[in-house]
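Everything on this sheet refers to the single structure shown next.
The values are calculated or read from the model by the stated rules, or taken from the named source; none is laboratory data. Quick caveat: nothing in here was measured; it's all calculated off a predicted structure. Cβ coordinates were reconstructed from backbone atoms using ideal geometry, including for glycine residues, and neighbour counts include every protein chain displayed. Ligands, DNA and RNA are excluded from the accessible area calculation, which covers all protein heavy atoms including side chains. Shrake-Rupley method; radii C 1.70, N 1.55, O 1.52, S 1.80 Å.
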Amino acid sequence: MKIKRRKTRKIFVGNVAIGGRAPVSVQSMTKTQTTDVEATVAQILALTAEGCEIVRVAVPDEGSAAVLPEIRSHINIPLIADIHFSKKLAFKVMEAGVDGLRINPGNISAEKELKEIFREAEKSKTAVRIGVNAGSLDRNLLKKYKHPTAGALVESAMRVVRIAERCGFESLKLSLKASDVLTTIEAYRKVSQKLDYPLHIGVTEAGGLRSGSVRSSVGLGILLAEGIGDTLRVSLAADPVEEVKVGWEILGSLGIRQRGPIVIACPTCGRCGVDLFKVVKEIEERIKAVNVPIKVAVMGCVVNGPGEAKEADFGIALGRGGGLIFHKGEIVGKAKADHLAGELLGKIFKYVEDKEKNAVKTRQNMLITRSCRKKIV
Ligand code: SF4
């Protein structure tokens with residue numbers, strides 16, 4: 001099954017395209033005090049290394065706004081400032097040259113203020129996310145709907161979108177997050193039927209590492225499978241690097257995007273005669289830095305083992321005391337259990353090395369062809 005993505009407008013946050021045919025991007029938010037430049041930059045670099053493509057920082061005061069140019073000078077992914085309550089801070093961060101701005105219509109709601117922000121964003125070419133959150137919904141809407149329902153979230157976003165449009169500002173993306181998974185899904189479904197602005201999807205305040213990952217995977221997985229979502233953030237009460245890892249796992253599990261290897265492993269049962277968890281751990285650890293998208297199957301016995309291992313790029317199917325190694329459906333090796341992981345890893349690294357060499361050759365050939373064409377012209 002191939003997911004058919006909903007068609008949205010394309011905008012840019014710095015050099016990252018969002019919406020249209022652009023790949024679904026993975027973003028995160030720092031958890032440091034923004035004014036602690038060293039810690040914030042270190043966290044952003046750690047996030048970038050894990051595949052974070054856009055980063056947001058909290059800007060609760062002028063001190064935080066003032067350090068943004070310094071932070072930006074040390075990082076190489078687009079920087080978004082998270083603004084609440086203060087129009088003045090929105091102006092400050094645009095002046096500081098951020099790539100994007102997140103505003104919350106629950107706490108900056110006056111039409112006059114919003115218009116001023118959108119006009120300035122248009123001038124400074126800053127993308128804006130209208131970030132509606134169930135926990136900070138506009139008071140009037142809360143009175144009208146009694147609870148932060150999906151309808152209330154959509155109405156909040158629509159109101160601000162119309163204000164932006166009246167200013168001629170269209171570099172918008174929207175988010176409508178609730179901590180309740182079903183409300184989140186309903187809100188995004190509803191808004192995607194009404195508007196074609198790109199959507200930043202996420203389940204807000206999803207929880208700790210395990211519960212938050214599951215809740216986010218359910219919510220974002222359903223939306224993405226329906227073609228909804230142009231960029232995502234997994235919100236976890238945990239190290240933000242985990243948010244990025246989970247984000248990529250969600251995309252990879254739906255076949256939307258893959259970063260590095262996917263390891264599939266059987267859960268084991270009474271048929272498994274070896275310590276499969278140890279083998280899986282070793283393989284995952286050793287190939288985690290591989291940048292080539294490959295699928296590796298680690299299976300515990302001959303029931304599903306050969307079938308799964310054959311479908312993956314690489315696989316091992318263990319039996320009692322040893323097992324077979326597969327590559328693209330062919331048996332390419334056999335080893336005793338203790339040596340199987342090592343043998344498999346050797347073959348994977350050789351494959352990755354060849355792929356990387358070929359990629360370099362292709363790039364060189366393209367450059368040569370281009371320069372020849374120029375000479376002929
Ligand atoms: Fe059990 Fe074999 Fe299935 Fe693994 S592949 S869960 S060992 S039956």
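Do you know which residues across the range 178-197 are within 30 Å of LYS115 (Cβ to Cβ) and open to solvent by 10 Å² or more (accessible area, probe 1.4 Å)?
Start the filter on the range 178-197 by keeping residues that are within 30 Å of LYS115 (Cβ to Cβ), which leaves 178, 183-184, 186-197.
Hits for the range 178-197 are THR183, GLU186, ARG189, LYS190, SER192, GLN193, LYS194, LEU195, ASP196.
For the range 275-289, what are the residues that are away from the ligand (no atom under 14 Å from the Cβ) and open to solvent by less than 10 Å² (accessible area, probe 1.4 Å)?
ILE283, ILE287, listed by residue number.
Results for (1) over 30 Å from VAL128 (Cβ atoms); (2) away from the ligand (no atom under 16 Å from the Cβ); (3) surrounded by 16 or more Cβ atoms within 10 Å (Cβ to Cβ), shown as yes or no for each residue.
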{"residue": "LEU199", "(1), (2), (3)": "no, yes, yes"}
{"residue": "GLU205", "(1), (2), (3)": "no, yes, yes"}
{"residue": "ILE228", "(1), (2), (3)": "no, yes, yes"}
{"residue": "GLU242", "(1), (2), (3)": "no, yes, yes"}
{"residue": "GLY255", "(1), (2), (3)": "yes, yes, no"}
{"residue": "ARG259", "(1), (2), (3)": "no, yes, yes"}
{"residue": "ILE262", "(1), (2), (3)": "yes, yes, yes"}
{"residue": "ASN291", "(1), (2), (3)": "yes, yes, no"}
_Search result, residues across the range 230-240 that are open to solvent by less than 50 Å² (accessible area, probe 1.4 Å) and either of a type in the set (Ser, Thr, Tyr) or more than 24 Å from MET1 (Cβ to Cβ) (or both)_ = THR231, ARG233, SER235, LEU236, ALA238, PRO240
*Qualifying positions in the range 214-226 - touching a helix residue (DSSP H, G or I) at 6+ places or on another chain (Cβ under 8 Å), open to solvent by 60 Å² or more (accessible area, probe 1.4 Å) and part of a helix (DSSP H, G or I)*: ARG215, VAL218, ILE222
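Mind checking which residues of the range 43-72 are under 23 Å from THR231 (Cα atoms) and assigned to a helix (DSSP H, G or I)? Break it down stepwise before answering.
Of the residues in the range 43-72, the ones under 23 Å from THR231 (Cα atoms) are 43-59, 68, 71-72.
Passing the criteria: GLN43, ILE44, LEU45, ALA46, LEU47, THR48, ALA49, LEU68, ILE71, ARG72.
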*Give the range 299-319 a look and list any residue that's surrounded by fewer than 18 Cβ atoms within 10 Å (Cβ to Cβ), more than 10 Å from the ligand (Cβ to nearest atom) and assigned to a loop (DSSP other than H, G, I, E, B), or say none.*
none
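Given the criteria open to solvent by less than 10 Å² (accessible area, probe 1.4 Å) and under 17 Å from the mean Cα position of the chain (by Cα), does ALA46 qualify?
Details: open to solvent by less than 10 Å² (accessible area, probe 1.4 Å): no; under 17 Å from the mean Cα position of the chain (by Cα): yes.
No, not satisfied.
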*Test: VAL296 is open to solvent by 30 Å² or more (accessible area, probe 1.4 Å), within 16 Å of ALA335 (Cβ to Cβ) and either touching a Phe, Trp or Tyr at 6+ places or on another chain (Cβ under 6 Å) or outside any helix (DSSP H, G or I) (or both)*: no
*Picking from LYS328, LYS361, LYS357, which residue would you name as being modelled with pLDDT under 90, away from the ligand (no atom under 16 Å from the Cβ), at positive phi and open to solvent by 30 Å² or more (accessible area, probe 1.4 Å)?*
LYS328
*open to solvent by less than 30 Å² (accessible area, probe 1.4 Å), without any contact (Cβ under 8 Å) to a residue 60 or more places away in the chain and in contact with a helix residue (DSSP H, G or I) (Cβ under 8 Å, 6 or more places away or on another chain): does that describe VAL41?*
yes
*Looking only at the range 121-135, which residues are out of contact with any helix residue (DSSP H, G or I) (no Cβ under 8 Å at 6 or more places or on another chain) and open to solvent by 40 Å² or more (accessible area, probe 1.4 Å)?*
GLU122, LYS123, LYS125, GLY135
*Cβ-Cβ under 6 Å pairs, at least 6 apart or on other chains, the range 92-120 side surrounded by fewer than 15 Cβ atoms within 10 Å (Cβ to Cβ), far side acidic (Asp, Glu)*: none
*Among LEU340, LEU324, LEU344, which is the only one that is more than 31 Å from the chain's Cα centre (by Cα), in contact (Cβ under 8 Å) with a residue 24 or more places away in the chain, within 19 Å of GLU282 (Cβ to Cβ) and not in a loop (DSSP other than H, G, I, E, B)?*
LEU340
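Table: residues versus (1) more than 17 Å from LEU199 (Cα to Cα); (2) surrounded by 16 or more Cβ atoms within 10 Å (Cβ to Cβ); (3) in contact (Cβ under 8 Å) with a residue 60 or more places away in the chain.
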{"site": "LYS4", "(1), (2), (3)": "no, no, yes"}
{"site": "GLU50", "(1), (2), (3)": "yes, yes, yes"}
{"site": "VAL59", "(1), (2), (3)": "yes, yes, no"}
{"site": "PHE85", "(1), (2), (3)": "yes, no, no"}
